[in-house]
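The values are calculated or read from the model by the stated rules, or taken from the named source; none is laboratory data. Predicted model, so just to flag it, every value in this text is computed and none were measured. Note that we place each Cβ from the backbone using ideal geometry, even for glycine, and neighbour counts take in every protein chain shown.
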Amino acid sequence: MEKALKSRYGQIVLVIIILMIVLFCRLFILTVMQNEEWKEQATSISTKSIYTKAPRGEILDRYGRVIAGNKQAFTLQINAGESTDKELNRVCSEVVRILEKNNEQYFDNLPIIINGNKFSYTYDNDIKEWLSEQEMPTNFTARKAFNELRIRYEVDESLDRYEAQTELQNVYKIYPPISVKNMEFTKEQDKQSFLGRYKLDQKTLTEKKAKKTDLSAKEAFYQLRTYFNIDPMLSNEQARKIMVIRNEIKAMGFRKYLPADIAKGISDNTIVEVEERSAELPQVKVVSETMRYYPNANAASHIIGYLGQISESDKEYYVDKLGYNSNDLIGKEGIESAYETTLKGKDGSKNVQVNAVGELVRTISETEPEKGKDVYLTVDLELQKTAEDALKQALKQIQVGGTFQSQYGNYHYSKAYRNANVGAVVAIEVETGDVLAMASEPDFDPNLFAAGISKEDWNALQSQNPRDYMAPAPLYNVATMTPVQPGSTFKMVTATAALESGLDPYRKLHDGGRIMVGNRPYACLIWHKNGGSHGNINLAEALEVSCNYYFYDIATGKDYYKGVSLGYRTPISIDVITSYAEQYGLGKPTGIEIPERVVGVPTAEKKMEQMKTSLKLDLKSKAEKYFRGNVVKDEDKLAKSIDTIVGWTEENPTKNQIVDRLTKMNLGVKENMIDSLADLCKYTYFNYADWTLGDEFNIAIGQGENSYTPLQMANYVATIGNEGVHNKVSLIKAIEGQKPIEKEPGTKVKLTDDRHLDQIIEGMKLVANGPKGSLKGIFGNFPVEVAGKSGTAERSGKMHPPDEVAYIKQHLRQINPKLSFDQVENEMNRLMKKEPDTYRTKDGAIRQAVINLSNGTVNYEKIDAYKSNYDNFAWVLTMAPADHPKIAVAVMIVQGGTAGYAGPVAREVIGKYLQLDKTYEDFDLNTTIQ
């Protein structure tokens, strides 16, 4: 035996025996001990999952007409499955080649770009681009940028950061890409989320305090090359294309077994090529899906909203928690957003077994996709289109002094107002509070967002002038988000308060022309024009001619012409008037299902705080004028001095007391400016911080601190027409498969006598049909009697141009002919370099430069002298038929010039509604949604 083993032949035999034993043992393990495990894997390898995306629920009008629907589109997907990195990289490279050859757009969410030899994060580039657009240094932190916006737009310092953000968004249409929760740019958060997904720079990310990584874009790129095991022989450009596709697959998170969308809406050429090469590209498939489609384009765009990609920071919620695909589009605004989880369907799946050549053997299991629920709106699509068309026509014709064409009679705009390019119209069903139509202008086409909006299209939809928050901004819902002074349309509130206090509506009061409060006359337009008067009038007649003098009387309980009390049963005050405003729904949330802005009714506390804030901002902006240089340079000292002065507001000391304090308290005020500063504080701010008689007059006629949206105003007039019952506003009629929506009962305005509303409506009838009514020329020959009220709201201040530097360059000769623009520009640059914290933008620095170089001969008022004033805003509130109102309509045109100019829009809507009401009165919505 030993001899045999020593021979070559024996050794070979021994090796063979050992190998046979090993093979036998391995076969025993595989076939007996691991039988079930390998059987499962074999089945898995021959099993494929086919996923079908569920169509999104449709959004329909009250009669079932489609506003937001779906259309077929083809999507290219990749399912990585168990593919190796090498195989998957090959497939990704080939897919990109096919897509680019056929000029297809594919998802590129890889936030690292290469420009020559330079690498950069798209997140960083976006932050710098935004800062540059805002004329801020590109090294500004999120906190500095946010504080700069607060200063620039004079946001009340008493507001916390969340309230300040809301103010910037709702009032000024400024949406800073900043998370105010932790004062970081949202793009910076997205970057950290992206790097964390790949566990890049692991050491930094796992530090005790989880500090942000400082990994450069280049370092991250090369770490990703390694992570994806990309061939080192490929160029960085080729590698990046592979990374782009791998990134989409990776973004699926723990649902990586699902296919990732790579390109949507692909062409027939791409479909054919992918199908022909299915054997060599088994991970790739083309699926038929539905894509959001808005058949009526811009119609109801602000109601519907739009779709958008899931942001990096939202992926944890939508992708990981709710199971969305990372490239799914979600509702970002409007009904699309408010009812996202209702509209989103449940994707289907089919598990099939295939043979070695990929042919279908059998279907193992199948789950059908479930379409999202349809949402039925209260809106009438045809009425909505009428409202939009009428508003567009009115704005176009007002700008040129043209003629509004209508089947109910043409209306000529005798004077042009070229800045009348923003407006809104809202129509509400009086009995229910349902929105029948709601249009804002300018609007937008939500189809731009259906497959992901381009940067160019997105920029085109932004505000034309961020420095003027009344400038056209297509994405902004004017109807719900723009509270402005209502003008004389507020007078029905004042009338209600006066009647409830004891006003005799039939008592004649004499219009004495004007009432002097200090040096200011409070009067009607007729007096301002030619010293005229409305004579002796009662409540209905005062509404007809919109007599301010009469409403000054009844809002204060005094006959100013005779100098006697009106003898009310109970006292009347601003608080009484605003309490009725709230009962009518003004200054309060309406209940609408999409975002709205609510300012609240005027209060004494609010006025005091606003005055303090205005004084503080004024002193900060004029710090160099009033304070010594050492104080201006020391932010803490300056802040303490200003806070001390502002703290005197409620006390309202005399001018001599102010001078004495400024002299003795070492606040750093220049000695030669003490008297001037005392005048500013006393006569511009302190004397007006408390309620004054002028405030009472202004609020009574819808001026002053009153500020309400067109939506609130429409529901206010609907409440008058609904016998004083105030309903919550709604856009939702029904949801597919759910029980009919039960509305909460409305709340009744507290009236001691319901006839008070009848007396107010009589006056509103005269506005539309009376011999002196402001709307007689519009509704005088209308086939149905209408009750209405017009209002012209004044807006103070100047319209800031988009570029202050360009403005000053254009008007420098008028502002100060002794200065050259080179001098001003050099001084501007000096200020920004010397005091970057004070002069953060060219807009502010160039104004101060002109003042500095003018040696006190130029002030802000003189600089702004050549800017345009705001034209008056036009309001019209109507309801029809007057005796039994079914529809209430509010129209507001920004810088529309005069109240009547909004009237033709309301007339078109009422006319269309009354026709549709007859056509569809027997329609049963329940038969549509069962």
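Assorted remarks:
- Among (1) under 30 Å from Pro486 (Cβ atoms); (2) crowded, with 22+ Cβ neighbours inside 10 Å - the single one Asn869 does not satisfy: (2)
- Strands (runs of 3 or more DSSP E) lying entirely in the range 333-417 (those with 1 or more residues that are free of Cβ contacts under 8 Å to residues at least 40 places away in the same chain and basic (Lys, Arg)): 360-367
- Restricting Ala460, Ala479, Ala471 to those that are closer than 23 Å to Ile398 by Cα and at pLDDT below 95 reduces the list to Ala471.
- Counted residues, the range 714-745 - those being among the small types (Gly, Ala, Ser), surrounded by 19 or more Cβ atoms within 10 Å (Cβ to Cβ) and out of contact with any helix residue (DSSP H, G or I) (no Cβ under 7 Å at 6 or more places or on another chain): 4
- Subset of the range 605-644 [buried (at least 17 other Cβ atoms within 10 Å of the Cβ), among the small types (Gly, Ala, Ser) and farther than 17 Å from Leu662 by Cβ]: Ser614
- Any hit, the range 122-130, residues being touching a Pro at 6+ places or on another chain (Cβ under 7 Å), among the hydroxyl-bearing types (Ser, Thr, Tyr) and outside the structural domain of Tyr839 (by TED's automatic domain parsing): yes
- The residue pairs whose first member lies in the range 839-861 and is without any contact (Cβ under 8 Å) to a residue 12 or more places away in the chain and farther than 24 Å from Glu148 by Cβ, whose second member is of a type outside the set (Phe, Trp, Tyr) and surrounded by fewer than 21 Cβ atoms within 10 Å (Cβ to Cβ), and whose beta carbons are closer than 9 Å, counting only pairs six or more residues apart or on different chains, are Gly856/Lys625.
- Test for Glu280: is it under 22 Å from Lys86 (Cβ atoms), among the acidic types (Asp, Glu) and in contact with an Asp or Glu (Cβ under 9 Å, 6 or more places away or on another chain): yes
- Within the range 317-331, the residues that satisfy the criterion of being surrounded by fewer than 18 Cβ atoms within 10 Å (Cβ to Cβ) and touching a residue at least 12 places away in the same chain (Cβ under 8 Å) are Asp320, Leu322, Gly323.
- Residues that are closer than 19 Å to Tyr476 by Cβ and either assigned by TED's automatic domain parsing to the domain that holds Gln309 or touching a helix residue (DSSP H, G or I) at 6+ places or on another chain (Cβ under 9 Å) (or both), drawn from the range 448-458: Leu448, Phe449, Asp457, Trp458
- Selection within the range 290-314 - charged (D, E, K, R) and surrounded by fewer than 21 Cβ atoms within 10 Å (Cβ to Cβ): Asp314
- Meets criteria (of a type in the set (Asp, Glu), farther than 14 Å from Ala263 by Cα and surrounded by fewer than 19 Cβ atoms within 10 Å (Cβ to Cβ)) for Glu82: yes
- Out of Gly401, Gly372, Gly345, one residue alone is touching a helix residue (DSSP H, G or I) at 6+ places or on another chain (Cβ under 9 Å) and not hydrophobic (A, V, I, L, M, F, W, C). It is Gly372.
- A single entry from Val905, Val909, Val858, Val876 fulfils the requirement of being outside any helix (DSSP H, G or I), crowded, with 23+ Cβ neighbours inside 10 Å and not basic (Lys, Arg): Val876.
- Residue in the range 500-517 that is in contact (Cβ under 8 Å) with a residue 12 or more places away in the chain, charged (D, E, K, R) and more than 22 Å from Lys789 (Cβ to Cβ) present: yes
- Within the range 292-319, being among the hydrophobic types (A, V, I, L, M, F, W, C), part of a helix (DSSP H, G or I) and modelled with pLDDT of 85 or more holds for Ile303, Ile304.
- Screening His884 on (1) farther than 30 Å from Lys772 by Cα; (2) assigned to a loop (DSSP other than H, G, I, E, B) shows it passes everything except condition (1).
- Gly763 vs. criteria touching a Lys or Arg at 6+ places or on another chain (Cβ under 9 Å), under 30 Å from Ala498 (Cβ atoms) and either surrounded by 18 or more Cβ atoms within 10 Å (Cβ to Cβ) or not hydrophobic (A, V, I, L, M, F, W, C) (or both): yes
- Which listed residue, of Leu88, Leu14, Leu23, Leu30, is at pLDDT 75 or above and surrounded by fewer than 17 Cβ atoms within 10 Å (Cβ to Cβ): Leu23
- Count of the range 529-574 residues which are in a strand (DSSP E or B) and in contact with a Cys (Cβ under 7 Å, 6 or more places away or on another chain): 1
- Within the range 645-679, considering residues that are of a type in the set (Val, Ile, Thr) and within 16 Å of Phe627 (Cα to Cα), the one surrounded by the most Cβ atoms within 10 Å (Cβ to Cβ): Ile645
- Scanning the range 684-692 turns up one or more residues that are surrounded by fewer than 22 Cβ atoms within 10 Å (Cβ to Cβ) and touching a Leu at 6+ places or on another chain (Cβ under 7 Å).
- Here Arg143 passes the criteria (1) under 28 Å from Gln77 (Cα atoms); (2) part of a helix (DSSP H, G or I); (3) within 29 Å of the chain's Cα centre (by Cα) except the one numbered (1).
- Glu596 vs. criteria under 27 Å from the mean Cα position of the chain (by Cα), among the charged types (D, E, K, R) and assigned to a loop (DSSP other than H, G, I, E, B): yes
- Check on Phe821, closer than 30 Å to Gly704 by Cα and among the aromatic types (Phe, Trp, Tyr): no
- For the criterion of being crowded, with 19+ Cβ neighbours inside 10 Å, charged (D, E, K, R) and in a loop (DSSP other than H, G, I, E, B), Arg840 passes.
- Only listed residue being modelled with pLDDT of 85 or more, in contact with a strand residue (DSSP E or B) (Cβ under 6 Å, 6 or more places away or on another chain) and surrounded by fewer than 17 Cβ atoms within 10 Å (Cβ to Cβ), chosen from Lys346, Lys350: Lys346
Okay, residues lined up against (1) at pLDDT below 90; (2) surrounded by 14 or more Cβ atoms within 10 Å (Cβ to Cβ); (3) acidic (Asp, Glu); (4) not assigned by TED's automatic domain parsing to the domain that holds Thr482:
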{"position": "Asn103", "(1), (2), (3), (4)": "no, no, no, yes"}
{"position": "Phe140", "(1), (2), (3), (4)": "yes, yes, no, yes"}
{"position": "Leu149", "(1), (2), (3), (4)": "yes, yes, no, yes"}
{"position": "Arg152", "(1), (2), (3), (4)": "yes, yes, no, yes"}
{"position": "Asp156", "(1), (2), (3), (4)": "yes, yes, yes, yes"}
{"position": "Val180", "(1), (2), (3), (4)": "yes, yes, no, yes"}
{"position": "Ser193", "(1), (2), (3), (4)": "yes, yes, no, yes"}
{"position": "Glu207", "(1), (2), (3), (4)": "yes, no, yes, yes"}
